[in-house]
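Laboratory data are not the source of any read-out in this text; all were calculated from the coordinates shown. Keep in mind the model is a prediction, meaning the values are calculated, not measured. Please note: Cβ atoms are built from the backbone with ideal geometry, for glycine as well, and neighbour counts cover all protein chains shown.
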Amino acid sequence: MEYRPSTRRVRRRAAPPAFPLLLHPLPLGLAAFALSFFVLLLRGCAIAGQETEEPLPIPEDISAVIAVYDDENDCVRSMPLEEYLCGVVAAEMPASFETEALKAQAIAARTFTLRHLAACGGTPCGRLGADICTDSACCQSYRSPEQLAEKWGTDAEYYSGRIREAVYGTAGEVATYDGELIEALYHSTAGGVTENSENVFASAEPYLVSVASPGEEGTAHYAETTTFSSKSFATKLNAAFPKAGLSEKKLEEQVRIISRYASGRVESVQIGAIEVTGRQLRGALDLPSANFTIEFVDGDVRVATLGYGHGVGMSQYGANAMAKEGDDYRAILQHYYTGIEIENWNDRLIS
Ligand SMILES: [Zn+2]
């Protein structure tokens, strides 16, 4: 449940573009149908019949159509932007979360998606020519209406209604900074405080700065302890960092946290002969977060972590906690993304 940032940078622009690809809903719908038919012919999409089903109905006048690469079935589907976002929000956040948290998630996902549209000055994913794909390692997670019906079972109608309310209730709304779409990164749980983007990813963004994330204590992923045998700890790290030279009998002398960022996340750690970043250690040991302590107890290594995910941008559990306290989606987004504005781009998407 976290965005990895796109490795592509969105092209900077001096003035809002004319959005040439975003047409009137009716011709766009026809064009989308023709495109999907053509793509289906070309690709032999295995579940083509599902294209015409609309378990999540959407008013025609509030959505552009985008091309989504289906990573599982290796084909491209054209679908209304807002319908696609229902599948993203449902995949990325528990549908039982507060409505205002779901709305904040919808805007983060919409903003992320529009940054992939060439018509919005963004860079498309490009797989089979699509705007965006369903591979979370590349773009963002997505669940089809059929997958959601199976996941939710008898609660499907209730949960899909909540998701629709969040997405359609914020249709067209995006988060901007200085008039440009933000990189709306998010993660599951901050562990009490989020992180500056430059401490995790390459670039510093003025709206991705560390803020408190209260109310997460006691939630599902706030604190976890992972225990390794000394042997497995040494083996995993020696495999990830061949120059470390760890010995399972000397771990207590060989492993030491050197520095932390102000948020508490580990900046650098000594492992044997080398120094690695906290994020590298998190990756090698598959830890929930880079905010960890390491303890050596009776031949085991206990790694206690706070939070889950990279820690940059919006904390989903923090957003839910804010919503429970009565904050609306605007307050949630403006808390986690410093200095942003919420704008409605619907007029630009549909004209
Ligand atoms: Zn992609």
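Segment Glu252..Ala204, full-extension length gain: 13.8 nm, with 0.36 nm per residue of separation and the alpha-carbon distance subtracted. Peptides 184-192, 224-232 ordered by packing proxy, namely the average of other Cβ atoms within 10 Å per residue, highest first: 184-192, 224-232.
In order along segment 297-304, phi translates into HN-Hα couplings of 9, 6, x, 10, 10, 9, 10, 9 Hz, rounded to whole numbers, per the Karplus curve 6.51 cos²θ - 1.76 cosθ + 1.60 with θ = phi - 60° and x for Gly and Pro. Classified by the C-alpha gyration tensor, segment 223-306 has an oblate form. Its axis ratio a/c, with a ≥ b ≥ c, is 1.5 or above, and a/b does not exceed b/c.
Remark: the Thr176-Glu72 segment gains 34.3 nm on full extension, using 0.36 nm per residue and subtracting the alpha carbon distance. Applying 1/(1 + (r/R0)^6) with R0 = 30 Å to the Cβ-Cβ distance of Lys151 and Leu128 gives a FRET efficiency near 0.70.
Here the gap between Asp298 and Thr225, fully extended at 0.36 nm per residue and compared with their Cα-Cα distance, gives a gain of 24.7 nm. Backbone phi angles across segment 243-254, fed through the Karplus curve with coefficients 6.51, -1.76 and 1.60 (θ = phi - 60°), yield HN-Hα couplings of 8, 5, x, 6, 10, 4, 8, 10, 4, 4, 7, 8 Hz in residue order; Gly and Pro are listed as x.
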